[in-house]
Amino acid sequence: MLWRIARHLAAIAGIVLLGGLLSATLVRLAPGFDTDERAFDPSLNAESVHALREARAGEHNILRFYAAYLRGALHGDLGTSHALGQPVQNLLRERWPVTLRVAGIGLLLGWLLAAALAFSACLWRRTAYDLFGTTLSGAFLCIPAAVLALLSVILNAPGYLAIALIVFPKIYRYARNLLGKAYALPHITAARAKGLGEIRILLWHVLPVVAPQTIALAGITVSIALGASIPIESLCGLPGIGQLAWQAALARDLPLLVNVTVLVTLVTLLANSGADVMIHMLRPREA
């Protein structure tokens with residue numbers, strides 16, 4: 001068991017390091033990497049422009065830059081943002097609570113809405129109601145995240161509502177299929193024939209069947225919510241990690257982009273690993 005845990009942690013560390021390297025490589029190879037908007041300021045003299053270019057000189061060799069970044073990260077130094085002129089560590093510390101609140105509330109609302117519609121569709125078994133849920137989820141599935149963010153700005157709605165509407169259709173369609181298959185199992189039919197109530201059937205016979213797949217879906221929706229937070233925070237003016245990632249991408253801020261990529265990759269892997277652990281803990285009980 002300890003060996004499996006060690007291998008899993010080593011795999012997570014390897015994927016995080018590889019994700020940071022790939023992010024740095026893509027930024028370095030992007031067109032206009034050496035361009036700094038501040039260099040076009042007419043108030044700057046030649047020495048200031050030269051200093052701006054020298055500040056990025058160490059980023060031309062991506063392997064050397066990434067090795068220096070890892071050495072600094074081991075000592076608690078994540079570098080300094082070129083665009084904002086602040087230590088990256090301070091920026092992440094100030095902004096992660098905003099993203100945690102927006103993405104967390106959005107995930108909770110999306111799950112509540114999807115679960116309520118999926119469970120009610122399976123319990124009522126009305127074609128019209130099922131068609132309504134399918135149509136509603138399909139409509140929101142076709143709307144881009146940026147459009148939902150713009151609508152939330154126009155309607156003065158909170159940003160977490162847009163995240164909820166983004167994750168809702170993905171949760172609903174999968175949960176509806178899981179519940180439909182679970183309620184079609186023979187032992188559910190037998191339980192209804194014996195006169196068991198719907199609440200007891202749900203708690204004792206349906207939820208244990210769909211729990212592993214639902215937990216796995218919960219881990220996936222974390223990454224969906226984090227990805228949706230980038231356009232939503234940027235357009236809604238929310239000072240979170242998503243807005244920080246957007247600003248770093250526009251400015252080609254290599255130190256900031258690498259750290260944001262590593263952070264998002266780490267959170268996504270930990271969420272999926274947590275889901276795997278919970279599924280593994282449920283298996284002995286099912287047996």
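Among the residues of the range 110-129, which ones are touching a residue at least 24 places away in the same chain (Cβ under 8 Å) and of a type outside the set (Gly, Ala, Ser)?
Let us first name the residues in the range 110-129 that are touching a residue at least 24 places away in the same chain (Cβ under 8 Å), namely 110-111, 113-115, 117-119, 121-123.
Across the range 110-129, the qualifying residues are Trp111, Leu113, Leu117, Phe119, Cys122, Leu123.
Just to check your reading of the model, which residue among Leu269, Leu263, Leu179 is more than 22 Å from Arg101 (Cα to Cα), of a type in the set (A, V, I, L, M, F, W, C), touching a helix residue (DSSP H, G or I) at 6+ places or on another chain (Cβ under 7 Å) and crowded, with 18+ Cβ neighbours inside 10 Å? Show your work before the answer.
Numbers: Leu269 fails: more than 22 Å from Arg101 (Cα to Cα); Leu263 fails: more than 22 Å from Arg101 (Cα to Cα).
Of the residues listed, the single one that is more than 22 Å from Arg101 (Cα to Cα), of a type in the set (A, V, I, L, M, F, W, C), touching a helix residue (DSSP H, G or I) at 6+ places or on another chain (Cβ under 7 Å) and crowded, with 18+ Cβ neighbours inside 10 Å is Leu179.
Every residue, every condition in (1) surrounded by 12 or more Cβ atoms within 10 Å (Cβ to Cβ); (2) at pLDDT 75 or above, yes or no:
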{"site": "Gly19", "(1), (2)": "yes, yes"}
{"site": "Ala24", "(1), (2)": "yes, yes"}
{"site": "Arg28", "(1), (2)": "yes, yes"}
{"site": "Ala39", "(1), (2)": "yes, no"}
{"site": "Pro42", "(1), (2)": "no, no"}
{"site": "Ser48", "(1), (2)": "yes, no"}
{"site": "Ser81", "(1), (2)": "yes, yes"}
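From the list Ala218, Ala228, Ala251, Ala245, which one is at pLDDT 85 or above and either outside the structural domain of Gly110 (by TED's automatic domain parsing) or surrounded by fewer than 21 Cβ atoms within 10 Å (Cβ to Cβ) (or both)?
Every option except Ala218 fails the conditions.
Between Thr221, Thr189, which is free of Cβ contacts under 8 Å to residues at least 40 places away in the same chain and either touching a strand residue (DSSP E or B) at 6+ places or on another chain (Cβ under 8 Å) or not aliphatic (A, V, I, L, M) (or both)?
On the way: Thr221 fails: free of Cβ contacts under 8 Å to residues at least 40 places away in the same chain.
Exactly one of Thr221, Thr189 is free of Cβ contacts under 8 Å to residues at least 40 places away in the same chain and either touching a strand residue (DSSP E or B) at 6+ places or on another chain (Cβ under 8 Å) or not aliphatic (A, V, I, L, M) (or both), namely Thr189.
Do we find a residue being closer than 23 Å to Thr214 by Cα and hydrophobic (A, V, I, L, M, F, W, C) anywhere in the range 148-159? Working first, answer last.
Our first condition is that a residue be closer than 23 Å to Thr214 by Cα; within the range 148-159, this holds for none.
No, the conditions are met nowhere in the range 148-159.
Against the definition (in the same structural domain as Pro169 (by TED's automatic domain parsing), hydrophobic (A, V, I, L, M, F, W, C) and crowded, with 16+ Cβ neighbours inside 10 Å), how does Ile143 come out, yes or no? It would help to see each step written out before you state the result.
Values: in the same structural domain as Pro169 (by TED's automatic domain parsing): yes; hydrophobic (A, V, I, L, M, F, W, C): yes; crowded, with 16+ Cβ neighbours inside 10 Å: no.
Judged against the criteria, Ile143 is not a match.
Within the range 265-287, count every residue that is modelled with pLDDT of 85 or more and either closer than 16 Å to Gln89 by Cβ or assigned to a loop (DSSP other than H, G, I, E, B) (or both).
Result for the range 265-287: 1.
Does Ser152 satisfy being out of contact with any strand residue (DSSP E or B) (no Cβ under 8 Å at 6 or more places or on another chain), closer than 30 Å to Leu207 by Cβ and either assigned by TED's automatic domain parsing to the domain that holds Ile220 or in a helix (DSSP H, G or I) (or both)?
Details: out of contact with any strand residue (DSSP E or B) (no Cβ under 8 Å at 6 or more places or on another chain): yes; closer than 30 Å to Leu207 by Cβ: no; either assigned by TED's automatic domain parsing to the domain that holds Ile220 or in a helix (DSSP H, G or I) (or both): yes.
Criteria not met by Ser152.
Check Glu54, Glu59 and return the single one that is in contact with a Pro (Cβ under 9 Å, 6 or more places away or on another chain), closer than 15 Å to His82 by Cα and either in the same structural domain as Leu266 (by TED's automatic domain parsing) or modelled with pLDDT under 90 (or both).
Numbers: Glu54 fails: in contact with a Pro (Cβ under 9 Å, 6 or more places away or on another chain).
Glu59 is the lone residue from the list that is in contact with a Pro (Cβ under 9 Å, 6 or more places away or on another chain), closer than 15 Å to His82 by Cα and either in the same structural domain as Leu266 (by TED's automatic domain parsing) or modelled with pLDDT under 90 (or both).
The values are calculated or read from the model by the stated rules, or taken from the named source; none is laboratory data. Everything numeric in this text was worked out from a predicted model, so none of it was measured. All Cβ positions, glycine included, derive from the backbone under ideal geometry; neighbour counts span all protein chains shown.
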